[in-house]
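**Q** Below is a structure I'd like to ask you about.
The values are calculated or read from the model by the stated rules, or taken from the named source; none is laboratory data. These numbers were taken from a predicted model, which means no experiment stands behind them. No Cβ is skipped: glycine too gets one built from the backbone with ideal geometry, and neighbour counts run over all protein chains shown.
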Amino acid sequence: MNLREGQTAIIDRVTGEDATAIRLMEMGFVSGVEVRYVGCAPLGDPLEFEILGFRISLRRRELQRILFRKG
Amino acid sequence: MMNEVTVVLLGNPNTGKSALFNALSGLNQKVGHYPGVTVEKKQGRRRFRETSFTLIDLPGTYSLSPHSPDEKITVDVLLHQDTEVRPDAVLCVVDASNLARNLYVVTQVIELGLPVVMALNMTDLARKKGLTIDVSALEKQLGIPVVETQANRKVGVESLLETLCRQPAIPSPCVSLPKAFNQQTALLKAAWESETGDVPSDFLVSRVLLDTTDFLQGSSQFPSGEAFRLKLSDSREQLKSQGHPVPAVEPISRYEWIQKILPKVLTTSAKNPSQRRTRMDRFLMHRVWGSLVFLALMVLVFQAVFQFAAPAMDLIDQFFSICGDTVTAKMGEGALTSLIVDGVIAGVGSVVIFLPQILILFFFVGWLEDCGYMARAAYLMDRIMGQVGLNGKSFIPLLSSFACAIPGIMAARVIENRRDRLVTMLVAPLMSCSARLPVYVLLTAACIPNKSILWGWLNLQGVTLVAMYVVGIVVAVGVAFVLKKTVLHGETPPFVMELPSYKWPNLLLVFRGMARQGWEFVRQAGTLIFAVTILIWAAGYFPRDPELPRKIRAQYPRLSEIRQQIEKLGQNVGSTAGNGAEGLATIKDLKGEEQKLKSEMDAAISGSYLRSSVLGRMGQIIEPVVRPLGWDWKIGIAVIASFPAREVVVGTMGVIYNLSGDEDEESRTLREHLQGATWDDEPERPVFTVPVALSIMVFFALCAQCVSTLAVMKRETLTWRWPVFTFVYMTTLAYIGAWLTYRSGIWFMDG
């Protein structure tokens with residue numbers, strides 16, 4: 001997905017049932033929650049997001065697990 | 001009659017939980033061990049009114065769903081299973097500026113069936129962010145008492161203790177998961193009971209149902225029969241078909257509830273004070289500026305550990321030398337003296353000398369962690385570390401290993417993932433530590449020509465030094481890569497990391513952490529290092545031929561001649577006034593010569609002792625093994641003797657080459673001796689040629705010659721398996737590396 005800095009999106013769900021998925025969901029990545037893309041690290045990975053009032057760092061690979069709502 | 005109450009502290013990371021723990025227990029703390037995990041058992045005590053509190057600080061966690069043995073300990077403690085801890089109440093520490101996510105684990109804790117109190121910490125930070133929390137509304141929603149605190153300023157501590165004294169009631173769950181889920185839990189519970197006869201808590205059963213990584217399955221507490229397993233997967237299928245799949249059903253339900261009640265308890269003011277923080281973060285995590293700041297900080301930390309520790313280390317060195325000299329003076333020569341001075345004092349000294357570096361490193365690490373920068377550093381380094389299969393958090397431990405692998409390995413604790421932590425620890429010793437530097441310097445100065453290349457931009461000696469560091473790094477990358485692909489193969493763990501708010505570090509907390517870790521090191525690794533040093537001392541001391549000094553003295557007849565002359569002249573000077581000045585001058589010259597000869601003779605004696613000792617014999621025996629590397633048996637002894645601690649090698653070489661043993665790497669005499677050293681069987685051929693020097697340096701670069709490091713590794717991994725593995729793999733690599741270096745060196749020089 002292509003997000004610009006400062007853009008927000010709403011989460012639809014997280015795919016998978018492994019530790020990554022569980023950890024993401026526990027941190028707030030559940031359906032209906034709004035997420036804001038803040039920026040990325042010097043080499044393009046990992047990425048920084050703002051969710052539920054705090055900042056979190058995710059790798060692109062983890063980001064791919066997160067499905068966002070359209071629109 | 002005192003009330004005895006055990007309170008367990010729980011909460012997200014970065015909530016100031018440790019500060020609160022310290023505020024509650026003061027200096028009344030001790031650190032212990034839970035069996036089988038690396039998690040520390042932090043316990044404290046506090047008396048308040050009629051109650052004696054035992055406080056247990058659990059590691060910070062975002063949720064009570066365990067996926068590793070370390071995480072499981074928290075659950076075990078809370079459910080009073082196998083850990084000797086009987087919690088009477090749980091104190092949830094919550095970051096007021098981060099309420100939503102923090103409440104997740106609180107809602108889980110409420111379902112444990114224990115009394116719960118919440119400490120709403122960091123309220124000052126929340127206020128700065130423009131957040132106002134209605135405490136009584138929060139209490140009502142959660143059904144537990146909530147006390148506002150600012151742990152770093154010790155605000156609210158009394159109030160908290162009072163609340164705990166009043167023994168709050170057990171709360172009822174505030175989040176209700178879907179009925180379907182509760183139904184399946186009940187069914188599973190029945191199946192569990194029928195299989196094992198135990199009655200598990202609802203909490204535990206629901207955790208098993210939710211744990212799709214099946215980590216809990218492996219635990220002995222859980223039913224292992226086929227029937228239960230089938231029931232479990234059946235339940236999960238049912239839930240999925242009903243639209244409530246695990247594991248998603250739990251976070252969805254909980255966050256739904258949290259978002260529903262949040263507006264009732266939290267108000268955000270209009271102004272957006274997160275602007276300042278955003279700006280700081282944009283700077284510190286910026287591609288260019290962020291990287292520069294990061295580099296500068298890393299250089300600072302590195303310099304600090306390398307250089308700031310030096311004066312302290314020198315002082316310690318001197319202190320132990322003085323001790324040794326005093327003992328020698330008081331007790332005279334002999335085996336017992338040597339045991340005490342060269343064995344015990346040297347042994348203890350070799351442990352204590354690491355303390356300044358360890359303390360400094362842990363100070364910096366603690367400081368960076370506490371102010372929130374550490375997470376940013378990991379974030380910046382993650383991509384690079386990821387290329388070799390590590391993660392960003394490995395960077396600081398590996399960087400510090402350039403100064404000393406011991407604090408580096410201990411610093412690897414911040415890496416949550418077990419495999420990554422292990423790989424980091426296993427390659428840390430390859431980062432050329434400061435103890436290797438004396439060897440590099442000595443050999444480079446002795447054997448590498450002091451020439452400039454590239455039109456004066458580089459110096460061959462400097463290049464060689466840097467090359468040795470590079471060798472370590474390159475090999476480390478290779479080893480990490482191989483390890484991740486083979487022995488420690490596993491899924492790359494998620495790099496989901498919170499970037500905490502910046503705050504002024506709590507220096508008291510940092511210092512206490514530093515002191516604690518330093519003490520742990522001394523206690524744990526110290527005993528082992530000590531034991532091995534004594535062993536090596538014994539091997540280098542025994543057997544002693546008592547006739548040896550006499551035999552050597554016989555080779556120095558001149559010495560007794562001189563002594564006689566001095567005596568005679570002394571008598572003459574006393575009697576005749578005329579010969580006075582001349583006589584004194586001659587005496588002075590003679591005394592000078594006497595000193596010189598005596599040192600030579602003493603050195604010959606020590607050298608001879610060493611050569612005839614167990615160690616010396618071993619050196620001669622292994623000579624055929626080291627010959628292919630271009631070494632002779634003397635180098636062999638020096639290398640063996642330095643296995644417990646690399647620093648020993650320079651002193652040992654001094655002794656072997658018949659010096660007093662007080663030589664250091666700067667010493668010209670040792671250098672000259674090395675340059676002049678020749679093979680025993682070919683007196684024309686010099687030992688220390690460029691290829692030989694390089695092969696020795698490469699050996700040292702790659703070899704695990706540090707018992708202290710291996711001891712710390714054992715402590716951090718709880719088994720001898722990994723230190724032994726490290727020793728074997730590094731020594732093998734060192735041997736191959738030295739051989740390759742020597743061979744290619746020879747080939748290069750001849751070709």
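**Q** Hey, can you tell me all the residues within the stretch B:80-113 that are in a loop (DSSP other than H, G, I, E, B) and either within 14 Å of another protein chain (Cβ to nearest Cβ) or of a type in the set (D, E) (or both)?
**A** Selection gives B:D82, B:E84, B:D88, B:E111.
**Q** Here is a follow-up. Residue by residue through the stretch B:172-200, note down the ones that are touching a Pro at 6+ places or on another chain (Cβ under 8 Å), buried (at least 19 other Cβ atoms within 10 Å of the Cβ) and either touching a residue at least 40 places away in the same chain (Cβ under 8 Å) or of a type in the set (S, T, N, Q) (or both).
**A** Scanning the stretch B:172-200 gives a single hit, B:A191.
**Q** How do the helices (runs of 4 or more DSSP H) wholly within the stretch B:116-223 filter down when requiring 3 or more residues that are among the hydroxyl-bearing types (S, T, Y): which remain?
**A** The qualifying helices (runs of 4 or more DSSP H) are B:179-196.
**Q** Residues in the stretch B:293-312: is at least one modelled with pLDDT of 85 or more and within 12 Å of chain A (Cβ to nearest Cβ)?
**A** For the stretch B:293-312, residues modelled with pLDDT of 85 or more and within 12 Å of chain A (Cβ to nearest Cβ): absent.
**Q** What number of residues within the stretch B:393-433 satisfy the criterion of being buried (at least 21 other Cβ atoms within 10 Å of the Cβ) and among the acidic types (D, E)?
**A** Of the residues in the stretch B:393-433, 1 are buried (at least 21 other Cβ atoms within 10 Å of the Cβ) and among the acidic types (D, E).
**Q** Inspect the stretch B:383-392 for any residue being surrounded by fewer than 22 Cβ atoms within 10 Å (Cβ to Cβ), part of a loop (DSSP other than H, G, I, E, B) and touching a residue at least 40 places away in the same chain (Cβ under 8 Å) and give the result as yes or no.
**A** Yes.
**Q** Would you confirm whether or not the stretch B:58-79 contains a residue that is touching a helix residue (DSSP H, G or I) at 6+ places or on another chain (Cβ under 9 Å), assigned to a strand (DSSP E or B) and more than 14 Å from chain A (Cβ to nearest Cβ)?
**A** Among the residues of the stretch B:58-79, not one is touching a helix residue (DSSP H, G or I) at 6+ places or on another chain (Cβ under 9 Å), assigned to a strand (DSSP E or B) and more than 14 Å from chain A (Cβ to nearest Cβ), which makes the answer no.
**Q** Among the numbered conditions (1) at pLDDT below 80; (2) within 11 Å of chain A (Cβ to nearest Cβ), tell me where B:R376 comes up short.
**A** (1)
**Q** Let me ask something else. Select from the stretch B:34-57 the residues that are in contact with a Leu (Cβ under 9 Å, 6 or more places away or on another chain) and outside any loop (DSSP other than H, G, I, E, B) and list them in ascending order.
**A** Of everything in the stretch B:34-57, those that are in contact with a Leu (Cβ under 9 Å, 6 or more places away or on another chain) and outside any loop (DSSP other than H, G, I, E, B) turn out to be B:K42, B:Q43, B:G44, B:R45, B:R46, B:F48, B:T51, B:F53, B:L55, B:I56, B:D57.
**Q** Just checking, how many residues over the stretch B:440-467 are under 26 Å from B:F395 (Cβ atoms) and buried (at least 22 other Cβ atoms within 10 Å of the Cβ)?
**A** Of the residues in the stretch B:440-467, 1 are under 26 Å from B:F395 (Cβ atoms) and buried (at least 22 other Cβ atoms within 10 Å of the Cβ).
**Q** Can you pull out every residue in the stretch B:37-85 that is under 25 Å from B:G26 (Cα atoms) and of a type in the set (G, A, S)?
**A** B:G44, B:S52, B:G60
**Q** Something else about it: Go through the stretch B:386-429 and give me each residue that's at pLDDT 80 or above and hydroxyl-bearing (S, T, Y).
**A** Hits for the stretch B:386-429 are B:S394, B:S401, B:T424.
**Q** Please enumerate the residues belonging to the stretch B:586-643 that are of a type outside the set (A, V, I, L, M, F, W, C), assigned to a helix (DSSP H, G or I) and within 33 Å of the chain's Cα centre (by Cα).
**A** Correct list: B:G619, B:G636.
**Q** Return yes when B:L488 is at pLDDT below 80 and touching a Pro at 6+ places or on another chain (Cβ under 9 Å) and no when it is not.
**A** Spelling it out, it is not the case that B:L488 is at pLDDT below 80 and touching a Pro at 6+ places or on another chain (Cβ under 9 Å).
**Q** Among what's in the stretch A:48-67 and is assigned to a loop (DSSP other than H, G, I, E, B) and at the interface with chain B (Cβ under 7 Å from one of its Cβ atoms), pick the residue that is nearest to B:T107 (Cα to Cα).
**A** A:L52
**Q** Being within 25 Å of B:Y62 (Cβ to Cβ) and of a type in the set (D, E, K, R) is true for just one of B:K189, B:K260, B:K231, B:K179. Which residue is that?
**A** Within the list B:K189, B:K260, B:K231, B:K179, the selection yields B:K260.
**Q** Would a scan of the stretch A:1-12 turn up a residue that is modelled with pLDDT of 90 or more and either facing chain B (nearest Cβ under 7 Å) or closer than 20 Å to B:N102 by Cα (or both)?
**A** Yes, the stretch A:1-12 has at least one match.
**Q** Answer yes if at least one residue in the stretch B:114-121 is more than 14 Å from every other protein chain (Cβ to nearest Cβ), out of contact with any His (no Cβ under 6 Å at 6 or more places or on another chain) and free of Cβ contacts under 8 Å to residues at least 40 places away in the same chain, and no otherwise.
**A** The answer is yes, given that some residue of the stretch B:114-121 is more than 14 Å from every other protein chain (Cβ to nearest Cβ), out of contact with any His (no Cβ under 6 Å at 6 or more places or on another chain) and free of Cβ contacts under 8 Å to residues at least 40 places away in the same chain.
**Q** I'm trying to understand the selection: among the residues of the stretch A:24-47, which are at the interface with chain B (Cβ under 7 Å from one of its Cβ atoms) and of a type in the set (D, E)?
**A** A:E26, A:D45
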